[in-house]
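Participant: Mind having a look at this structure? Questions to follow.
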Amino acid sequence: DSELATLYKNARAFVFQTLSEGFGLPGLEAMSVDCPVVCSAIPVLREVYGDAALYFNPQSVQDIADKIEKILENKKLRTTLVEEGQRQVKKYSWRKMAEETLDVYKEVLAR
């Protein structure tokens, strides 16, 4: 959606506070348009975002505030996260995901 992409592009950061998440597509969407991600330090987001996000304790208002302040004040950190985000997004392209799914099906059928 172009409106969503415009919002991400114009944001200084995407803050994603959640206690539970299935995959974390919103953060990848933000990364795809060079928006740094600040998010909950939960296993699924750490797995999907890797080193491309700044993590906080989702149950600590102070930690969330500290990480938001850090990303807003540290241009070098924002640049690093944007660069890492571009690398991370490439791991999850629709084509790559489809190819990996097809490989799994082929492996199962070969048994």
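Participant: Could you figure out which of (1) over 17 Å from ARG78 (Cα atoms); (2) of a type outside the set (Val, Ile, Thr); (3) without any contact (Cβ under 8 Å) to a residue 24 or more places away in the chain isn't true of LEU45?
Facilitator: (3)
Participant: Scan the range 80-93 and give yes if some residue there is of a type in the set (Phe, Trp, Tyr), within 15 Å of PHE16 (Cβ to Cβ) and under 16 Å from the mean Cα position of the chain (by Cα), otherwise no. Give the derivation first.
Facilitator: Initial filter on the range 80-93 (of a type in the set (Phe, Trp, Tyr)): 92.
Then keep just the ones that are within 15 Å of PHE16 (Cβ to Cβ); that gives none.
For the range 80-93, residues of a type in the set (Phe, Trp, Tyr), within 15 Å of PHE16 (Cβ to Cβ) and under 16 Å from the mean Cα position of the chain (by Cα): absent.
Participant: Residue under question is VAL82, and the condition is that it be of a type in the set (Val, Ile, Thr), touching a helix residue (DSSP H, G or I) at 6+ places or on another chain (Cβ under 7 Å) and closer than 12 Å to ALA52 by Cα; does it hold? Steps first, please.
Facilitator: Values: of a type in the set (Val, Ile, Thr): yes; touching a helix residue (DSSP H, G or I) at 6+ places or on another chain (Cβ under 7 Å): no; closer than 12 Å to ALA52 by Cα: yes.
The answer is no for VAL82.
Participant: What pairs come up if the first residue lies in the range 6-23 and is more than 14 Å from ILE71 (Cβ to Cβ) and at pLDDT 95 or above, the second is of a type in the set (Gly, Ala, Ser) and surrounded by 12 or more Cβ atoms within 10 Å (Cβ to Cβ), and their beta carbons are under 6 Å apart, counting only those six or more places apart or on different chains?
Facilitator: The qualifying pairs are THR18/SER40.
Participant: Looking at the range 4-36 only, could you name the residues that are over 13 Å from GLN88 (Cβ atoms), of a type in the set (Ser, Thr, Tyr) and under 13 Å from the mean Cα position of the chain (by Cα)?
Facilitator: Result: TYR8, THR18.
Participant: For LEU102, all conditions in the list (1) part of a helix (DSSP H, G or I); (2) surrounded by 11 or more Cβ atoms within 10 Å (Cβ to Cβ) hold save one; what is the number of the exception?
Facilitator: Evaluating LEU102 over (1) part of a helix (DSSP H, G or I); (2) surrounded by 11 or more Cβ atoms within 10 Å (Cβ to Cβ) leaves (2) as the failure.
Participant: Just wondering, is there one or more residues in the range 84-97 that are closer than 19 Å to LEU25 by Cβ, among the basic types (Lys, Arg) and in contact (Cβ under 8 Å) with a residue 12 or more places away in the chain?
Facilitator: Pass one, the range 84-97, residues closer than 19 Å to LEU25 by Cβ: 84-97.
Those still in the list that are among the basic types (Lys, Arg) too: 87, 90-91, 95-96.
Still in the list and also in contact (Cβ under 8 Å) with a residue 12 or more places away in the chain: 87.
Yes, the range 84-97 has at least one match.
The values are calculated or read from the model by the stated rules, or taken from the named source; none is laboratory data. Since the model is a prediction, treat every value here as computed from it, not as a measurement. Don't worry about glycine lacking a Cβ; one is built from the backbone with ideal geometry, like all the others, and counts go over all protein chains shown.
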